Amino acid sequence: MRTQFLTTAARAALIAGIALTAAAVAPSAFAQTASTGAAPASDQATTLPEVIVQARRVDENQEHVPVAVTTLSTQALRNNTVTKVQDLAKSVPSFEVDPGSLGGDGDPVFTIRGLSGALVADPAVVAYFDEVASDPRNFAYSMYDLSSVQVLKGPQGTLFGKNSTGGAVTIAPVRPSFSGYGGYVDFRYGNYNDREVSAAVNLPLVKDMVAMRVAGDFEDRDGTLTSVTGGGQYNTRDHGSVRFELVVTPGNEFENYLQATAYDVHENGNMAVLTGIYTGCPPVLTVPTVETCAYQPPDNATFGTPNIQQFLKAQQGLGLNQTESNFDAPFNVQYDGVTDIMTGRVGPFTFKNIAHIDYARYDIGYDLSGTGLEILDEQDHQSNHNYSDELHFIGAAFDHWLTWIVGAYYDQYQQAEHEGFDFVNFSANPFSPQNITLSQPQESEAVFAQTTTDFSHLIEGLSLTTGYRYTWDDRTIIQQRLQKGACGLTGFPGLNTATCTEHLETHFSNYNYDISLNYQVTKSTLVYIATRRGYKSGGFNFASTQAQYIEYAPETINDWEVGLKSDWRVLGTPVRTNLAGYRGLYDDIQNQFIFTPPGGLGIPAALIINQDPTTGAKNKAIIEGGEGEVTFVPLRDLTVNGYYGYAKGYYTQFIINGVSLAGQAINGIATDTFGLNLQYHPHFDGLTGPMTFSANLYSRSKESANSQNASLLGAYTNLDLRMDWHNVMGGPIDAALYGSNVTNDRHVIVDNSLISAVGVESKAYADPTMYGIELRYHFGR
């Protein structure tokens, strides 16, 4: 009954919002709420600009919010040449964005404070585009015409639509304005024949009542990796996006915002290349070594497979820009989504409803061996549908001593998928090829509330924030798995043996909370201490080859955080420092491991294993660390921003394959992240139009590993440079020269360490130095 009511109400809200947008006829002065980022400063030599965020779903000064949050404004995004989601990591401490192993840059993976998310699980870091929780594959290249990006660290859920244990990334496009007609056209050309055009136009259609904005972005680029055996190019760029927005204010107390996006990607992914092979093949082949030695002489002659030793030798002579593989590795996305945000006042409080619907189709091919030899590759086809609705009521009481927000959230997700695997594909292998037809319906429902009580009448600047959320999650899996035409699910629960179809359902429910004691010591200094509980749902390991691992448990965290935010001066120089330290205790932390079937024969699977299947003992872990950001203006024309993040994670209780990992590191955590950004605005006599020189240095330490998961990414340093000339010769043209990764650091970005599973190791590498020119023509206001 609860689900039926929420579904009906949510869909009605979306329809009502679209209808009211189309039918609005009355003027309004209702304030828009999308404007975020840095407000202009009157004198940057004597003060730093105020930064407005919605970390607590209302507009607030970032320095007065008891949350560790980093904000990138429109100008910061341009100065840092942010053209894809991965570029965001260069400006935020304790934040990493890595390319996915299945899609490269088009499939970004977010990590905050060492927490990411396993391949099949709910993410630990939830991404929001225009206030809606979204799959990053649906906006990876939509980093155009944005008003801000905000990165919130630590468990979220008592205010944001979808609960999480690691944090949230909120991306906000520029909204339509009533202030006047205007826009821009931006053209970029760079090496590898990189051509990108983006544009936006703002149209006030009816004074103070209706405004529209249309923006788009299109890019085409050659690949950075070329097949020498006829496979074409990999790591190409071929994508386009169009965004339509309409704001209507039909009354003084009402606003409706409608946004529709069409997003299309048609690329070849960033193919890994073969870097190593198994060298321990015995003279007489045994069962456990069949799959690691089937491509090595003399056994390759027995199985009719190529000689992988010759393949590796040829690959080693090609370097990082060419490959022997000719595997077809598409990464195609077709996404269409509509969001409607209705805001208004009812009596003493404000309401806000965020309704969203989308359809997405993915066509993905990847080869984890980097060979194209059918050692371990997949073709994946998905068709997904998502609907969500989030309702808020915001108010105040007792002469604003108490401010509050209550709300409800509903999400319905349908996934239909077909996967075809090749796994050491010689004729005698009974496990290959494998075909999986999969459906995973999901529903999530939640209610939440948060209050802030101002105790300034007792102690000036003291306040208390308390929040609570309860979530219900329903997970279903329906799958058919065929191995060479035979059923591959024998012995699994919920199996219809006649059709080889497994049908399982499971339900989870749990709570989040947030308690923060905040002390605004002075107008420019905030101290806070917070404790939070985070939760994210469990689910199913659809790729599991063993029944005891088919389901995994929810993940929870209890953490503590202390923070200091302050604006101050050193010898007259304005300085802003934001510091935070944290410690989180995790139960059932959802980490992924490559799991090989007993006896060493069969398809290895990447599984979430967070409980001992024999005893039910929980996986327990601790992640702790801190981060600091400092911004100062040592000279009138120079702004310096630096940051450092530290994170350390280790298990306190965990047994896998009979081995205890207690005391060992959680794999995949980059302990140190460091960044330094310089903005220099020189004044040249006789030069018409201001100039800006930008330098952005980013450094990350190698990732942690343990005895059961040795694959790790190494340390690297990245340097980006940019020069902007605004209003060239006093005209409406901006020009820029840019260079990213100017030191040509070709570090590993994907490490497929599969020696023990299928006898190969492959790696994908970062883009080489990219450089080019940008020209922007801006018109109107």
(message) Could you give me D for the stretch 377-533, from Stokes-Einstein at 10 °C and 1.306 mPa s, where the hydrodynamic radius is the Kirkwood radius over C-alpha pairs? Units µm² s⁻¹, please.
(response) 79 µm²/s
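If you rank Phe110, Phe218, Phe421 by how much accessible surface each has, with a 1.4 Å probe, what is the order from largest down? Spell out each step's value before the answer.
Details: Phe110 10, Phe218 110, Phe421 35 Å².
Result of the area sort, largest leading: Phe218, Phe421, Phe110.
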(message) Just to verify a number: what accessible area does Ile733 come out at with the full protein assembly present, 1.4 Å probe, Å² rounded to tens?
(response) 60 Å²
(request) May I ask you to work out the translational diffusion coefficient for the stretch 84-223 at 37 °C, viscosity 0.692 mPa s, via Stokes-Einstein with Rh from the Kirkwood sum over Cα pairs, reported in whole µm²/s? (result) 197 µm²/s
(request) State, to one decimal in nm, how far the label point of Phe455 lies from the label point of Phe393, with both points 7 Å from Cα in the Cβ direction. (result) 2.8 nm
(request) About the Cα centre of the stretch 304-397, how large is the charge dipole given +1 on each Lys and Arg Cβ and -1 on each Asp and Glu Cβ? Please answer in debye to the nearest 20. (result) 440 debye
(message) Report the gain in length on full extension from Thr652 to Leu119: 0.36 nm times residue separation, minus Cα-Cα distance, nm rounded to one decimal.
(response) 189.5 nm
(message) So if I take the centroid of the Cα atoms in the stretch 445-487 and the same for the stretch 251-326, what is the distance between those two points in Å?
(response) 37 Å
(message) So, for the stretch 147-265, what is the accessible surface per residue at a probe of 1.4 Å, expressed in square angstrom?
(response) 29 Å²
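Averaging sequence separations of C-alpha pairs under 8 Å and six or more residues apart, then dividing by the length of the stretch 454-523, give the relative contact order as a whole percent. Can you show the working numbers first?
Numbers: 112 pairs, mean separation 30.9, N = 70.
Over the stretch 454-523, the number comes to 44 percent.
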(request) Could you check the simple spin-label distance between Gln309 and Val570, using points 7 Å along Cα→Cβ, in nm with one decimal? (result) 6.1 nm
(request) Divide, for the stretch 466-530, the radius of gyration over alpha carbons by 2.2 N^0.38 Å, where N is the residue count. (result) 2.27
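Take the eigenvalues of the Cα gyration tensor for the stretch 258-301, scale each by 5, and report the square roots as semi-axes in whole Å, largest first.
On the way: eigenvalues 400, 28, 17 Å².
After scaling each eigenvalue by five and taking roots: 45, 12, 9 Å.
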(message) Can you give me the convex hull volume of the Cα atoms of the stretch 712-758, divided per residue and expressed in Å³?
(response) 97 Å³
(request) Rounded to the nearest 500, what is the 222 nm mean residue ellipticity of the chain from helices alone, with -39500 (n - 2.57) per DSSP H run of 4+ residues and division by all residues? (result) -1500 deg cm²/dmol
(message) If you count only protein heavy atoms and use a 1.4 Å probe, how large is the accessible surface of Thr596, to the nearest 10 Å²?
(response) 50 Å²
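Can you give the extra length, in nm with one decimal, that the chain gains between Thr279 and Ala662 once fully stretched, where that is 0.36 nm per residue apart less the Cα-Cα distance? Before the final figure, lay out the partial values.
On the way: separation 383, 0.36 × 383 = 137.88 nm, distance 3.12 nm.
Difference between extended and current length: 134.8 nm.
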(message) I need the phi-derived Karplus couplings for the stretch 69-75: 6.51 cos²θ - 1.76 cosθ + 1.60, θ = phi - 60°, integer Hz, Gly and Pro marked x.
(response) 9, 10, 10, 10, 7, 3, 5
(request) Report relative contact order for the chain in percent, whole number only (criteria: Cα-Cα under 8 Å, sequence separation at least 6). (result) 12 percent
(request) Read phi for every residue in the stretch 150-155 and hand back ³J(HN,Hα) as whole Hz from Karplus 6.51 cos²θ - 1.76 cosθ + 1.60, θ = phi - 60°, with x for Gly and Pro. (result) 10, 10, 9, 10, x, x
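Would you please report the Å³ per residue occupied by the convex hull of the alpha carbon atoms in the stretch 122-198?
On the way: hull volume 9.6 nm³, N = 77.
Output value, Cα hull per residue: 125 Å³.
For the stretch 662-706, would you read off the P(r) tail past 13 Å as a percentage of all alpha carbon pairs?
On the way: 689 of 990 pairs.
In whole percent, the share of Cα-Cα pairs in the stretch 662-706 beyond 13 Å is 70.
Largest first, how would Asp358, Asp745 line up by accessible area (1.4 Å probe)? Don't skip to the answer; put the middle values down first.
Values: Asp358 15, Asp745 40 Å².
From most accessible down to least: Asp745, Asp358.
Please compute the alpha carbon radius of gyration of the stretch 300-425, then divide it by the globular-protein estimate 2.2 N^0.38 Å. Two decimals is fine. Could the numbers behind the result be given before it?
Details: Rg = 26.2 Å, N = 126, 2.2 N^0.38 = 13.8 Å.
Cα-based Rg divided by the globular estimate yields 1.90.
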(message) Among Leu607, Gly534, Thr577, whose Cα projects farthest towards the positive end of the dipole of the stretch 533-609, with charges put on the beta-carbon of Lys, Arg (+1) and Asp, Glu (-1)?
(response) Thr577
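Measuring with a 1.4 Å probe in the full set of protein chains, what accessible area per residue, in whole Å², belongs to the stretch 619-748?
Numbers: 5580 Å² over 130 residues.
Computed with neighbouring chains in place, this is 43 Å² per residue.
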(request) Provide, as a two-decimal number, the C-alpha radius of gyration of the stretch 593-697 over 2.2 N^0.38 Å, N being how many residues it has. (result) 1.90
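Note down the Stokes-Einstein diffusion coefficient of the stretch 479-587 in µm²/s, whole number, using a Kirkwood radius over alpha carbon pairs, 10 °C, and 1.306 mPa s. Before the final figure, lay out each step's value.
Numbers: Rh = 18.5 Å.
After rounding, the answer is 86 µm²/s.
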(request) Counting only C-alpha contacts under 8 Å and six or more residues apart, can you give the relative contact order of the stretch 675-734 as a whole percent? (result) 34 percent
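Using only alpha carbon positions, build the gyration tensor of the chain, then give the equivalent ellipsoid semi-axes as the square roots of 5 times its eigenvalues, largest first, whole angstrom.
On the way: eigenvalues 374, 198, 141 Å².
Whole-Å semi-axes of the equivalent ellipsoid: 43, 31, 27.
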(request) With just the Cα atoms of the stretch 653-781, tell me how far they stretch along each of the three principal axes, in Å, largest first. (result) 73, 29, 29
(request) Compute the Rg/Rh shape ratio of the stretch 145-252: radius of gyration over Kirkwood radius, all on alpha-carbon atoms. (result) 1.14
(message) Just to verify a number: what accessible area does Ile773 come out at with the full protein assembly present, 1.4 Å probe, Å² rounded to tens?
(response) 70 Å²
(request) Multiply the residue gap between Asn191 and Asp220 by 0.36 nm, knock off their C-alpha separation, and tell me the result in nm, one decimal place. (result) 9.3 nm
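May I ask you to rank Lys207, Lys702 by accessible area, largest first, using a 1.4 Å probe over the protein chains only? Please list the in-between numbers first.
Working: Lys207 170, Lys702 125 Å².
From most exposed to least exposed: Lys207, Lys702.
Convex hull volume of the Cα atoms in the stretch 43-92, per residue, in Å³? Walk me through the numbers before you get to the answer.
Working: hull volume 5.4 nm³, N = 50.
Value for the stretch 43-92: 109 Å³ per residue.
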(request) With unit charges on the beta carbon (Lys/Arg positive, Asp/Glu negative), name the residue among Gly628, Tyr698, Thr74 whose Cα is farthest towards the positive pole of the charge dipole of the chain. (result) Gly628
(message) Between the stretch 64-129 and the stretch 502-525, how far is it from one alpha carbon centroid to the other, in angstrom?
(response) 20 Å
(message) For the stretch 348-388, I need the span (max minus min coordinate) of the C-alpha atoms along each principal axis, in Å, sorted largest to smallest.
(response) 67, 16, 8
(message) Give me the base-10 log of I(q)/I(0) for the stretch 535-668 at each q in 0.15 Å⁻¹, Debye formula, one uniform scatterer per Cα, rounded to two decimals.
(response) -0.78
(request) Please give the helix 2-23 orientation as an angle from the longest Cα principal axis of the chain, in degrees from 0 to 90, rounded to the nearest 10. (result) 50 degrees
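Measure off, as a whole percent, the carbon and sulfur share of the 1.4 Å-probe accessible area of the chain, all protein chains present.
Details: 17870 of 29830 Å².
Accessible surface attributable to carbon and sulfur in the chain totals 60 percent.
Between the DSSP loop rule and a limit of at most 11 other Cβ atoms within 10 Å, which chymotrypsin sites (Phe, Trp or Tyr not before Pro) in the stretch 309-403 are left? Could the numbers behind the result be given before it?
Details: sites: Phe311, Phe327, Phe331, Tyr335, Phe349, Phe351, Tyr359, Tyr362, Tyr366, Tyr387, Phe393, Phe398, Trp401; in loops: Phe327, Phe398, Trp401.
Loop-located and lightly packed - Phe398.
The values are calculated or read from the model by the stated rules, or taken from the named source; none is laboratory data. The model shown is predicted, which means the values in this text are computed figures rather than measured ones. Quick reminder, even Gly has a Cβ in these numbers, built from the backbone with ideal geometry, and neighbours come from all protein chains shown. Protein only, heavy atoms only, side chains kept; ligands, DNA and RNA dropped before computing areas. Shrake-Rupley method; radii C 1.70, N 1.55, O 1.52, S 1.80 Å.
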